[in-house]
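Q: Encoded as structure tokens, here's the structure I'll be asking about.
Every read-out reported here was derived from the displayed coordinates using simple, explicitly stated rules and does not represent laboratory data. Just so you know, these numbers come straight off a predicted model, no measurement behind them. FYI the Cβ positions are ideal-geometry reconstructions off the backbone, even for glycines, and counts take in every protein chain you see.
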Ligand code: F6R
């Protein structure tokens, strides 16, 4: 969702803040703003649109006019109020002395707004966030916390409801920032004579690798020399220090024209690193295991909850876990899960899959599952984020930072990690012999090389996209594990090219969607291996013939050497041979390229930041 940054130190706060915003712009990019604070003065600039608009504006005003060594900055993904200059953050208090930035949703903002207005104060924006600035000024100017910036900020935090991270500054205390969080991220960066706050570590990765995680309903005061953590009542509490294990280079483009392209090429490493260390001395091991083998043996039902691409990875997990473990697996869109009143108990294992570990829908699903007594296992790419923190066990995907908004390497890593979960269950319950588990693991470990080979399809897909041009709609078909791949391919295309795309189970075609087929409609078909499940293969070959007969242009993703599909493919994209369940980790890749290339044909060059989207969706 939004990105927030805060800096206190002795250096050029403006430059440090803007650099941080640039690295974190993927979190939200419909407006951006920064406030540099010095004694008695706030230098504020904010602009609708991408960060470049803010940078241009700052150059117009003159960078020399932003002197100061404390700043707060924000890039926004709008929730309350349109993206425009006024609704952009930071927001300033009625007396011009306090500035705040906010990520999340203040649920009681209407009540707070009415209270502020009743004191004759006029709110200028349509946001829920602005109330925090005025409440801070009111608390600082009068009442029990008068003249005490830190106590005033804590008193405001204690009044907010919902999910929020808020950073407060005041001209009377220009050497410090107070920040607090509930259910949205806030990480402290601990530097040498300077300290930082960020929505994630990208905010300060260029200046320090020492970070501290804050607990729920915790606040932090940072000055250049120290940080102190409190609960909202002002009691001092401990944070959780950690060292960041990736560097600035990992968050930069490395010569690729987009983060997404770079991340597609990082997939061999993402899968390799995700699998590493999970099969030791013939045994499957998870990372933070607070579930015993006995717990896993008691599982009678598995739910996978996730959103978007992570949900598609869960669809794949269902095929693998049911096949390996013989327990029923339900996969559910996280936003629907808790409202449906699912049947959960101590014998239910809920697997929550999330790249960011912050997705509000998934987090709430986790909380609901736990409240019903279910055990929760998180599959997550972000160390220290909320979802793993609230889960009983964690398996981290080691895909590294994913900056492109459309998930690529994190998705492949999620599929691999979900399979590890399946194997851990199979091991604990004895539904697979250890040599069978070792064979599957061998196959997973052979994937990075096959992914490298699949990446060689790059030029062929570029040419194919060029030939197709700016298509208006596209269909994706698959059977069995090819079906989630089709859904993932369609999602990628929708979000990047802004065109209609739909993924179908190929068998469903004749129950309706076949009516959509018309001359020259591009249809992608994901073909299962002819060796693993020949029955699936022959069925999908018939489906390809059916759509070809009705004029579709077929783009067929099939195993190298699958000659049966060749006559029916307008374009044939060949991937290396592998087993049925593992094939999605390869067959997804050409669809990622295709989405990126068609997006460009359709005029969207900024594939890293598709319109209306944000990397971490921290609101429900
Ligand atoms: C699509 C995409 C999204 C995310 C979804 C869940 O390319 O990236 O659909 O997969 O928003 O996000 P996480 O995995 O962070 O919970």
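Q: Can you give me the angle between helix 434-445 and the longest principal axis of the chain, using Cα atoms only, in degrees from 0 to 90, rounded to the nearest 10?
A: 70 degrees
Q: Here is a further query. Suppose only helical runs count, i.e. DSSP H with n ≥ 4. What mean residue ellipticity at 222 nm does that imply for the chain under -39500 (n - 2.57) per run, divided by all residues and rounded to the nearest 500 deg cm²/dmol?
A: After summing the helix terms and dividing by residue count, I get -11000 deg cm²/dmol.
Q: Below 8 Å, C-alpha to C-alpha, sequence gap of six or more: please give me the relative contact order for the range 3-245 in percent.
A: 20 percent.
Q: I'd like the antiparallel share, as a percent to the nearest 5, of DSSP beta bridges with both residues in the range 218-360.
A: In the range 218-360, approximately 45 percent of DSSP beta bridges are antiparallel ones.
Q: Of all DSSP beta bridges in the chain, what percent run antiparallel (nearest 5)?
A: The antiparallel proportion sits near 65 percent.
Q: What whole number of Å gives the distance from the Cα centroid of the range 280-326 to the Cα centroid of the range 425-465?
A: Centre-to-centre distance over Cα atoms comes out at 17 Å.
Q: Under the Kirkwood approximation for Rh and a Cα-based Rg, what ratio Rg/Rh is obtained for the range 253-445?
A: Dividing the radius of gyration by the Kirkwood radius yields 0.96.
Q: Still on this structure, please answer the following. So how do 159, 290 line up by other beta-carbon neighbours within 10 Å, fewest first?
A: Result, fewest neighbours first: 290, 159.
Q: What would the Debye formula give as log10 I(q)/I(0) at q = 0.13, 0.15 Å⁻¹ for the alpha-carbon point model of the range 127-270, no solvent?
A: Treating every Cα as an identical point scatterer, log10 I(q)/I(0) equals -0.64, -0.79.
Q: Now for a different question. Just to confirm my numbers, what's the Cα centroid distance between the range 60-132 and the range 517-576 in Å?
A: The two parts, judged by their Cα centres, are 54 Å apart.
Q: Now for a different question. For the range 3-245, what value does the Rg/Rh ratio take when both radii are computed over Cα atoms and Rh is the Kirkwood radius, given to two decimals?
A: Dividing the radius of gyration by the Kirkwood radius yields 0.93.
Q: Another question about this same structure. Give me the angle, in degrees from 0 to 90, between the Cα long axis of helix 308-325 and the longest principal axis of the Cα atoms of the chain, rounded to the nearest 10.
A: Between the helix axis and the principal axis of the chain, the angle is about 50 degrees.
Q: For 91, 43, 278, what ranking results if the residue with the fewest other Cβ atoms within 10 Å of its Cβ goes first?
A: Arranged by neighbour count, lowest to highest, 91, 43, 278 become 43, 278, 91.
Q: Given a cut-off of under 8 Å on Cα pairs at least six residues apart, what relative contact order in percent is computed for the range 296-381?
A: 34 percent.
Q: On to the next question. Could you work out the relative contact order of the chain, using alpha carbon pairs under 8 angstrom and six or more residues apart, expressed as a whole percent?
A: Worked out over the chain, it gives 12 percent.
Q: Next question, about the same structure. With the Cα gyration tensor of the chain in hand, give its eigenvalues times 5 under a square root as the equivalent ellipsoid semi-axes, listed largest first in whole angstrom.
A: They are 45, 28, 21 Å, listed from largest to smallest.
Q: Can you sort 340, 458 by how many other beta carbons sit within 10 Å, fewest first?
A: Lowest count first: 340, 458.
Q: To the nearest 10 degrees, how steeply does helix 584-601 sit against the main Cα axis of the chain, on a 0 to 90 scale?
A: The two axes meet at around 60 degrees.
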